[in-house]
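The values are calculated or read from the model by the stated rules, or taken from the named source; none is laboratory data. If you're wondering where the values come from, they're calculated on a predicted model, not measured in any experiment. Cβ atoms come from the backbone with ideal geometry, glycine included; neighbour counts cover every protein chain shown. The accessibility values were calculated without ligands, DNA or RNA, using every heavy atom of the protein model including side chains. Shrake-Rupley method; radii C 1.70, N 1.55, O 1.52, S 1.80 Å.
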Amino acid sequence: MELARVKALVVIAVACTAVLTPLVPEWRGRNNDSFPLSWYPMFAKERPVLEKPTYVIATGPGGAREKLDVRWWTHGGFNQGRNMLTETVKNGPEKLRPFCERLAKKVAEKSEWASLTEVRIVSGQYDRRKYFQQGDHKPIGENTLYSCDVPR
């Protein structure tokens, strides 16, 4: 038998075993999980009730508020933008200032946001149950990590 054919059979056998393991109760693992390969932390750990994301908003008088999408600071996807923001926050005010000022200039260029006067990088607190089950998308609390004025 060719080496390539043996490799293919081994891959097929491993994949079939992984998919069929929930059928044998003794193979379900420490959590008696019925889904194969799902003991990774993102699947197996309990999520906290309060989520604390970091995000960017533009604010103005009278409670005017717009959340800035990650596409304002990255051409990549959501995870890349979130990671970039997290790293910028970790690096402190010397990195936050130019980041915030660059976003403030972009806000100033949007004519429909002429009333917005400040860009804030905030850490919010959201109750997951209220957010997803009740549709309440307002934060429980927010902590401003850095802010800068929109140039007008």
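Taking first residues from region 85-99 that are aromatic (Phe, Trp, Tyr) and partners that are not in a helix (DSSP H, G or I), the Cβ contacts under 9 Å between residues at least 6 apart in sequence or on separate chains come to PHE99/VAL56; PHE99/TRP73; PHE99/ILE121; PHE99/TYR146.
Inclusion of ARG129 among residues that are in a helix (DSSP H, G or I), open to solvent by 70 Å² or more (accessible area, probe 1.4 Å) and at pLDDT below 95 is warranted.
Being polar (S, T, N, Q), under 20 Å from THR144 (Cα atoms) and under 17 Å from the mean Cα position of the chain (by Cα) is the filter here; which residues of region 74-132 pass it? Hits for region 74-132 are ASN83, THR86, THR88, SER123, GLN125. Among the residues of region 104-144, write down those that are hydrophobic (A, V, I, L, M, F, W, C) and either without any contact (Cβ under 8 Å) to a residue 60 or more places away in the chain or closer than 15 Å to ALA58 by Cβ (or both). Correct list: ALA104, VAL107, ALA108, TRP113, ALA114, LEU116, VAL119, ILE121, VAL122, PHE132. Scan region 1-55 for residues that are in a loop (DSSP other than H, G, I, E, B), modelled with pLDDT of 85 or more and closer than 30 Å to THR144 by Cα and the total you get is 4. Taking the listed residues GLY76, GLY62, the one that is modelled with pLDDT under 95 and open to solvent by 70 Å² or more (accessible area, probe 1.4 Å) is GLY62, with no other qualifying. When GLU118 is tested against (1) modelled with pLDDT of 95 or more; (2) among the charged types (D, E, K, R); (3) open to solvent by 70 Å² or more (accessible area, probe 1.4 Å), just one condition goes unmet, and that condition is (3). For LYS105, are the conditions met, namely being part of a helix (DSSP H, G or I), under 17 Å from LEU50 (Cβ atoms) and not acidic (Asp, Glu)? Spelling it out, it is not the case that LYS105 is part of a helix (DSSP H, G or I), under 17 Å from LEU50 (Cβ atoms) and not acidic (Asp, Glu).
Residue check: GLU87 meets all listed conditions (1) modelled with pLDDT under 95; (2) in a helix (DSSP H, G or I) but one, namely (1).
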